[in-house]
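These notes are about the structure you will find just below.
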Amino acid sequence: MIAALIGNQNCGKTTLFNALTGGHQRTGNFPGVTVAAKIGKIKERPQWTLVDLPGIYSLSPYSEEEMITRDFLLREDIQVIINIVDAAHLERNLYLSLQLMDLNMPMIIVLNMMDEIEASGSVIHRSMLEERLGIPIAAISAVKNTGFSELLEKLDRVDRAEKKDQHPVYVGEIAKARLKIAALLENKGKFADFFAVKLLEEDPFIRNHLKLPPKTQRQIEELLIQLDETLPFERYETIAMQRYQWIDEISEQCLHIVKKKTSFQIDKILTHPIIGLPLFAISIFFVFWLSFDFVGGTLSSVLSAVLEYLSQSLLDYLTIKQTNPLLISLVIEGIVPGVGSVLSFLPIVVTLFFNLSILEDTGYMARIAMMIDRPMRAIGLSGKSFVPLFIGFGCSVPAIMATRTLPDSQERRKTLLLIPLMSCSAKLPVYALFCAAFFKNHAVYVMMVLYLLGIIFALIFGFIFRTNEEAVPFLLELPDYRLPSVRNLVMLSCEKAKDFISKVLTIIFLSTLLIWFLQRFDVHLDVASHPQDSLLAMIGQMISPVFQPLGLNDWRITAALITGISAKEAILSSLAVLLNSTIGSLAGNLGALFTPLSAFSFLIFVLLYTPCLTALRTMIKETRSFKWGLLLLVLQTGFAWITAAIVYQLGRLLL
Amino acid sequence: MTLEKLKPGECAYIIHIGGHEKLRRRLLDMGLTPGTLIVMKKRAPLKDPLEISVRSYELVLRKQDASLIEIEVIH
């Protein structure tokens with residue numbers, strides 16, 4: 001049995017999902033809906049599968065996410081809708097609930113954040129609200145873990161719950177017209193009422209979806225014309241007004257909300273006319289400093305030392321046991337340094353994700369979007385595209401998926417184009433190692449230059465591709481400031497750590513094996529006496545002339561860059577194998593291949609060249625265009641080559 | 001008068017929402033229906049967009065879009 005979890009953005013949907021499923025989720029694809037919705041079994045009611053759908057405000061088709069949710073509800077066989085609402089912002093949240101109620105499906109409303117309601121001295125008369133809505137209500141606090149047993153009880157009884165009459169939402173001529181249209185749509189099953197409302201709203205997608213016979217279409221057309229003559233306001237406006245009027249009435253009877261002042265006061269500082277923007281810059285700096293240096297960086301060197309020690313012990317053990325030298329080579333020169341050199345960056349990646357989600361969960365990200373909207377407009381984007389771009393610093397894949405929140409397809413495409421320019425955390429190990437090896441005293445600065453270069457290129461691209469069309473409406477809700485839920489943060493970090501480790505053990509492991517094999521054997525599949533005779537050297541030497549103008553002359557660099565297409569971390573693991581290094585000695589050995597200048601040109605190339613295969617695949621899936629993915633691959637790699645060549649040649653002239 | 005001219009701290013009722021269909025419908029969905037009370041909270045550090053309080057939540061919108069919302073100031 002399927003339960004669909006639906007609610008506004010920022011009402012605690014993900015927290016509830018994680019709490020109910022115990023975090024044991026997987027990503028599932030549903031046919032007909034191109035969405036990777038999170039699904040999971042409800043821990044204490046395993047017969048229920050919970051689907052976490054994108055956060056939306058309305059069932060109108062104005063953004064990709066609303067379309068996704070709507071399609072899902074109409075097409076899939078769903079037994080219950082769990083509509084989660086933010087109790088502190090009940091008025092606006094109920095607007096979505098009213099539209100969901102039009103679907104005539106079993107439904108439970110979950111009042112979330114009850115702890116905040118109680119703490120602020122607000123009151124919600126639940127039984128009265130339940131009676132008015134005609135829908136079972138459960139009151140919970142997803143963060144504090146309270147009220148779940150009540151929710152589960154309501155879920156158990158959901159198919160047996162008697163259908164209660166709700167207080168009618170639509171009145172007057174609208175109500176009459178709705179009944180008439182619903183009668184004409186009788187053969188459309190349980191959704192007739194919903195379709196009737198959507199036809200009243202002039203929803204073009206529903207009209208096409210229904211494929212009504214011409215006669216019925218004419219009848220509806222006439223009905224609507226008659227209706228319009230009687231209405232003082234435009235039809236959509238009237239419907240919205242009636243819904244909100246109904247909500248107002250109910251709120252007056254059932255709610256007594258005391259507004260908190262804390263958010264307002266925090267905002268006074270964080271979005272202050274003068275210090276607001278500097279504070280934003282400082283917080284971004286702080287996030288990166290914590291991830292790359294203070295916490296992530298420190299833990300990373302500890303882990304690296306531990307791995308180094310383990311690898312040494314393993315070598316000693318294998319030598320004592322007199323293992324086959326080829327096997328020792330495979331383990332000690334292949335797998336261990338390849339996998340280990342990447343694995344040691346786990347703390348940095350996890351810390352970065354941890355910090356990014358703190359910014360998001362506290363509500364500060366929305367303020368950043370507000371403050372940055374003005375400058376973003378210069379390149380034809382809005383403050384909202386800042387969020388996916390920023391997530392791009394973590395990983396392009398969730399960033400690409402986050403562009404679904406953008407209501408405008410033009411803006412979405414453009415944001416997608418710019419995301420790969422945000423240095424993702426997979427490139428980070430490469431940057432970190434090279435900076436440590438070649439720019440010792442200025443490592444953090446060179447790192448920041450790389451990040452900045454990506455941003456500057458994004459600005460230039462954005463400017464080139466800006467459109468003259470009218471700006472997209474930019475509407476953004478500012479959530480209240482909240483302390484992030486520790487459980488959510490820990491869960492997310494564990495998830496990211498798991499993702500990273502499984503990537504290391506699969507893609508990186510395989511590419512390490514492949515590189516080791518190719519550089520160990522020659523064309524006759526005999527063990528190569530010199531690395532120069534190996535298969536890999538042959539392939540690399542064929543391609544390396546291409547990289548000559550970039551100052552990258554060695555076939556080993558070419559080989560590493562090619563493996564980097566599968567995952568950027570593979571660049572490191574390949575170099576580790578090819579340079580015959582241990583985890584600790586890799587940085588020192590890089591001097592054999594690079595000068596500081598060619599190292600910098602290499603880093604620029606890594607910054608700009610093709611997104612990894614997973615990102616390309618996500619891009620193709622999200623844009624539903626193979627051409628787009630291919631174009632991105634070719635354009636970016638070409639652009640990376642040109643830029644790195646310019647940097648290297650200029651550097652040679654100047655230095 | 002239109003919304004973008006409202007000063008921080010001032011209140012007003014919505015009279016009419018103009019503009020193209022997409023924006024208009026979105027604003028209506030977000031609860032900016034005729035007759036609704038709005039409070040102007042503040043401007044972003046770069047003077048644009050604006051933050052208003054409506055139906056007990058905070059909404060950010062651009063000056064350009066706010067200029068399509070006709071209001072009546074409450075004194």
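The figures follow:
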quantity: Rounded if a/c under 1.5, otherwise prolate or oblate - the stretch A:574-655, Cα gyration tensor axes; calculated: oblate
quantity: When each of A:K260/B:K63; A:K38/A:K496; A:K38/A:K154; A:K13/A:K38; A:K13/A:K43 is checked by Cα-Cα distance, pairs over 19 Å; calculated: A:K260/B:K63; A:K38/A:K154
quantity: Charge context of A:N580, other residues only, Cβ under 12 angstrom, K/R +1, D/E -1; calculated: +1
quantity: Most positive-pole-ward Cα, A:L129, A:N10, A:I108, against dipole of the stretch A:1-260 from beta carbon charges; calculated: A:I108
quantity: Within chain A, percent of DSSP bridges classed antiparallel, to nearest 5; calculated: 45 percent
quantity: Gap separating the Cα centres of the stretch A:396-441 and the stretch A:65-95, nearest whole Å; calculated: 31 Å
quantity: Charge dipole magnitude, Cβ of K and R +1, D and E -1 - the stretch A:542-641, Cα centre, debye nearest 20; calculated: 340 debye
quantity: Under 23 Å from A:K627, Cα to Cα: lysines that are on another chain or at least 8 residues apart; calculated: A:K414, A:K568
quantity: Convex hull of the stretch A:1-260 built on C-alpha atoms - directionally averaged projected area, nm²; calculated: 14.0 nm²
quantity: Nearest-20 debye value, the stretch B:3-74 charge dipole, Cβ charges on Lys, Arg, Asp, Glu; calculated: 200 debye
quantity: In degrees, nearest ten, helix A:296-320 long axis to first principal axis of chain A (Cα); calculated: 50 degrees
quantity: Net charge over other residues, Cβ less than 14 angstrom from the Cβ of A:L483 (K, R count +1; D, E count -1); calculated: -1
quantity: Coordinate range along principal axes, alpha carbons of chain B, Å, largest first; calculated: 29, 27, 23
quantity: The stretch A:461-583 shape via C-alpha gyration tensor axes, a/c threshold 1.5; calculated: oblate
quantity: Cα principal axis extents for chain A, largest first, Å; calculated: 88, 56, 53
quantity: Cα long-axis angle, helix A:64-75 against chain A (0 to 90 degrees, to the nearest 10); calculated: 60 degrees
quantity: Neighbouring partner chain Cβ atoms per residue of B:48-59, average, 10 Å criterion; calculated: 6
quantity: GluC sites (Glu not before Pro) within the stretch A:431-507, DSSP loop, no more than 16 other Cβ atoms inside 10 Å; calculated: A:E469, A:E470
quantity: Two-site label geometry, A:I460 and A:A305: point separation in nm, points 7 Å out along Cα→Cβ; calculated: 4.2 nm
quantity: Label-point separation, A:L631 to A:T262 (7 Å along Cα→Cβ), nm; calculated: 4.8 nm
quantity: Charge dipole (chain A, unit charges on Cβ, about Cα centre) - positive-most of A:G297, A:P596, A:T614; calculated: A:P596
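Only the coordinates and a few stated rules stand behind these numbers; no lab work does. Model, not experiment: these values are computed from the prediction. Because the Cβ atoms are built from the backbone with ideal geometry, glycine has one as well, and the counts that use them run over all protein chains shown.
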